[in-house]
Amino acid sequence: MASKPLKNDPTDENLQVGKPQTSAVGLPSLVHSLPLALNDMGPRRAARTLLNMNQKDGFDCMSCAWPDPPERKIAEFCENGAKAVSWEADPLKVPRSFWAENPVGGLKGRSEYWLGQQGRLVEPVYKPAGQDHYRPISWDNAFGIIARELGTLQSPDEATFYTSGRASNEAAFAYQLFVRAFGTNNLPDCSNMCHESTGTAMTESIGVGKSAIHYEDFEKADLIIIMGQNPGTNHPRMLTALEEAKRAGASIIAINPLREAGLLNFKNPQRPRGLIGRGTDLADQYLQVRLAGDMALMQALAKRVFEAEDAAPGSVLDHTFLTEHCIGLEAYRQHLASLDEAQVLAATGLSSAAIDELAQRYLDAENVIITWAMGITQHKKAVDTIKEIMNVLLLRGNIGKPGAGPCPIRGHSNVQGDRTMGIWEQMPQEFMDKLGTEFDFVPPATHGLDAVKSIAAMREGTIKVLVALGGNLVHAISDTQVAQEAIARTRLSVQISTKLNRSHAYTGEQALILPTLGRSDIDMQASGEQFVTVEDTVCAVHASAGRVKPISEKMLSEISIITRMARAVLGDKYPVDWESFEASYDTIREHISHVVQGCENYNARIRRPGGFILAHPPRDSRTFPTPSGKAVITVNELETIALLAGRLILQTLRSHDQFNTTTYSLNDRYRGIRKGRDVLFVNPEDLTELGLSDGGYVDVHGEADDGRERVMRTLRLVSYPTARGCVATYFPEANVLVPLDATAEGSNTPVSKSVIVRLVPVAAPAYAAR
């Protein structure tokens, strides 16, 4: 970050590789975040943002969906939250001269980091067809172009409308209403690329695709199993909840291919012990499972639970719960009876003794929480893996009681709320019926396209207009080159954004960039200052109100953009008072209360301190809204990855100084990386076996069946404690290796955590030889 625009795009010329750290946060988190905020925003703006972040009368952090504790601290933010608000609330503006000086073709050669350092977008700009420069345009003309292009489509289904998880509940509700009134269900969102597998699996198992715990349950748990996630980087405030759980007597098991500092030890910067002491050890057992081995591990755990029950009948399984609330137990027991231990060990890379220890810890605990993130959801068998997690919990009744339950950790601040509000290409019929009744129209009946299918349709030429409410679709989606080529085939791409990203460089024939207010900005409308609402990862809904003055009067709120776009496109086709939506967000919330299940009396309930928690039948009353009315213990066929000689399994991951596709710096200090990103983390034994060495360079070749070459060039090898046969490098750069049609069964989520690759040694770059 910088207080003035970055001139030169940094390279890895000064890359430094050190030892990975064994503890997270502590004094370094203050050293890395507070001076940054002061430099970027100035003392007054920094204090106003940081001290209002995640407070009951402040604004919700834009960098993750971690729930807020009932009692807030004065500083209720983490290092990465401070970086996120410094990035968003930076008063630096993209000047009008930027557009004349920088052709779109030139922006394609810029890094995500460089683009984000140019400042806030403050006026709408337009790239006409056949031209290589954006130019400023009025808001009315921008909406007129959108209306013209959408109006000339042969079918509404020739447009797709993407949503990022940063959009508020009110913006999401208005957006999906506009899209469905236009006539399509093409509503892809970022959840398609992350937790779609979770929603699919949990809905089949228990009828609800959301976390089934409260924040307070962490402190009531006997055992917390953390799978496929790195809280120290992706949701650091979770570490406080884990520390509180440890102090209350809980054990923690970490299941992750890489050893991550945030799963080993937490130095709480708000406690003296965290600043000058050794902190709190977290994982009591750390299982470095092979990529895509989690399903085999869960089945092996469940089999051991059955074996313990056989050895002591009536004392292990929760028979009362299983009889009253579940179906499928006996079929599952019979299925696991033939589970091959050798196959399990090969798939997981673990020993039987390590799995035995895991099983004993599970059996010794009365109340168990299992959490997971994209290390679980982005595999071919992700849906079945999550169903196996649910099976393990159901066997001992670990749902619908204090200190127990499944807890998928969402990565974006309101991705869960957006789905609640109707951002989904296949919303349930009950929602669609209520929406149509509320606004006196018939919503489209055909399911729409998700993110992967939208890119495929652009490639085929059947999607001609893309509108994106936030996000960076071209860089977030798999198969980067295919995505870039696909979007180039559209007639118009529209990006509603706060800052520049690569989706502004890879565009349709025509392109619009519409600047919007950020989460931290004061939102003033005709009826006065507005607030919006968001839903966190444990179904808590609360208000969020910006606290700093916008740096330009030309920016519009997301709701203003959506409602004015709707008026331009739809006119008076339907009896929707879009002007009232913009003037007072209470109007939107009143409609939400009539349409969205669980949001009745929304305006009154959201004004309570801390908001309210949405109903969750499995959590609240052990009621399961499945077709049978019971939780379903499912039978899933184990499928493992068999590698050819010289092949490895690659996962993509974030650096510590990163949020989704946004890069705050080129450092990843927990993993020992500074001033660069072109690295590949490899197990030292794999390096030896492949005849490679730490510090050498390779091209990484993806292996796919479509004959298309997918290569990441010139990555520095870093010897790293990851599971054998598994390598890792940074997202989103590594998306180039993930074929578009390589997706999870049942959810269509890109398989970014199980990409088969081979390494080809290459010469070091010229700068590395100096």
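The values are calculated or read from the model by the stated rules, or taken from the named source; none is laboratory data. As the structure is a computational prediction, the values presented were derived from the model and not from experiment. Neighbour counts are summed over all protein chains in view; Cβ atoms, including those assigned to glycine, are modelled from backbone coordinates with ideal geometry. Ligands, DNA and RNA are stripped out before the accessible areas are found, and what is left, the full protein with its side chains, is counted by its heavy atoms. Shrake-Rupley method; radii C 1.70, N 1.55, O 1.52, S 1.80 Å.
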**Q.** Unit charges on C-beta of K, R, D, E only; dipole of region 266-388, Debye
**A.** 800
Q: Report Rg/Rh for region 557-617, rounded to two decimals, where Rg is the Cα radius of gyration and Rh the Kirkwood radius.
A: 1.06
Q.
Report the per residue volume, in Å³, of the convex hull enclosing the C-alpha atoms of region 461-572.
A. 156
**Q.** Förster radius 60 Å - calculated FRET efficiency between residue 97 and residue 340, Cβ distance, rounded to 0.05
**A.** 0.35
**Q.** Cα-only radius of gyration and Dmax that characterise region 57-122, units Å
**A.** 16.4, 50
Q | Cα Rg over Rh - region 1-40, Kirkwood | A | 1.06
Q: Mind ranking 105-113, 402-410 by how tightly packed they are, going by the mean number of other C-beta atoms within 10 angstrom, highest first?
A: 402-410, 105-113
Q. What is the magnitude of the charge dipole of the chain about its Cα centre, with +1 placed on the Cβ of each Lys and Arg, -1 on the Cβ of each Asp and Glu, and no other charges, expressed in debye to the nearest 20?
A. 2380
Q) Which value results when the Cα radius of gyration for region 518-623 is divided by 2.2 N^0.38 Å? A) 1.22
Q) Using 1/(1 + (r/R0)^6) with R0 = 30 angstrom and r between the beta carbons of residue 762 and residue 741, what's the FRET efficiency to the nearest 0.05? A) 0.60
Q: With just the Cα atoms of the chain, tell me how far they stretch along each of the three principal axes, in Å, largest first.
A: 74, 67, 56
**Q.** Extended-chain gain in nm, criterion 0.36 nm per residue less alpha-carbon gap, residue 319 and residue 285
**A.** 9.4 nm
Q: Against the globular-protein guess of 2.2 N^0.38 Å, express the Cα radius of gyration of region 713-760 as a ratio, rounded to two decimals.
A: 1.27
Q | Burial ranking of peptide ranges 214-224, 185-195, 94-104, 441-451 (average Cβ count within 10 Å, highest at the top) | A | 185-195, 214-224, 441-451, 94-104
Q | Sum of side-chain charges, residue 698 neighbourhood, beta-carbon under 10 Å (Lys, Arg +1; Asp, Glu -1) | A | +2
Q. Over all directions, what mean area does the Cα convex hull of region 156-272 project, stated in square nanometres?
A. 10.2
Q | Most to least packed among 647-654, 713-720, 591-598 [average Cβ atoms within 10 Å] | A | 647-654, 713-720, 591-598
Q: Give me the accessible area per residue for region 639-684, probe 1.4 Å, as a whole number in Å².
A: 30
Q) Can you tell me the Rg and Dmax of region 632-767, counting just the alpha carbons, in angstroms? A) 15.7, 58
(Q) For the pair residue 685/residue 642, report the inter-label distance in nm, with labels modelled 7 Å from Cα in the Cβ direction. (A) 2.2
Q.
Ignoring solvent entirely, what values of log10 I(q)/I(0) come out of the Debye formula for region 314-435 at 0.10, 0.13, 0.15, 0.16 Å⁻¹ when each Cα is a single scatterer?
A. -0.45, -0.74, -0.94, -1.05
Q) Per residue, what accessible area does region 285-361 have, given a 1.4 Å probe and all protein chains present, in Å²? A) 40
Q: Would you compute the Debye intensity of region 1-155 from its alpha-carbon atoms alone, equal scatterers and no solvent, and pass along log10 I(q)/I(0) at q = 0.08, 0.18, 0.20 Å⁻¹ to two decimals?
A: -0.36, -1.16, -1.26
Q: May I ask you to compute the full-extension gain from residue 527 to residue 438, defined as 0.36 nm times their residue separation minus their alpha-carbon distance, rounded to one decimal in nm?
A: 29.7 nm
Q: Please list, in chain and number order, the residues 5+ apart from residue 405 or on another chain whose amide H is under 5 Å from its amide H, with Hs placed from the backbone.
A: 368, 369, 370
**Q.** Theoretical FRET efficiency, 1/(1+(r/R0)^6), r = Cβ-Cβ of residue 135 and residue 14, R0 51 Å, to 0.05
**A.** 0.90
Q | Simple label model, 7 Å out from Cα along Cβ direction - residue 675 to residue 489, nm | A | 4.4
Q. Running Debye on region 557-697 with equal point scatterers at the Cα sites and no solvent, what base-10 log of I(q)/I(0) appears at q = 0.17 Å⁻¹?
A. -1.02
Q | Carbon + sulfur, % of accessible area of the chain - ligands and nucleic acids excluded, 1.4 Å | A | 50
Q: Tell me, rounded to the nearest percent, the portion of alpha carbon pairs in region 360-492 spaced more than 26 Å apart.
A: 46
Q: Take every DSSP beta bridge whose two residues both sit in the chain, then give the antiparallel share in percent to the nearest 5.
A: 45
Q) lysines near residue 220 by alpha-carbon distance under 18 Å, same-chain residues fewer than 8 away left out - which ones? A) 246, 401
Q. How large is Rg over Rh for region 202-242, taking Rg from the Cα atoms and Rh as the Kirkwood inverse mean of 1/r across Cα pairs?
A. 1.01
Q) Tally Lys/Arg at +1 and Asp/Glu at -1 over every other residue whose Cβ is under 14 Å from the Cβ of residue 635; what's the total? A) -2
Q) Semi-axes of the equivalent ellipsoid of region 346-413: what are they in whole Å, largest first, if each equals the square root of 5 times a C-alpha gyration tensor eigenvalue? A) 20, 19, 10
Q.
I need the fraction of alpha carbon pairs in region 599-657 separated by more than 20 Å, rounded to a whole percent.
A. 68
Q. Given labels modelled 7 Å from the Cα in the Cβ direction, how far is it in nm from residue 276 to residue 30?
A. 1.1
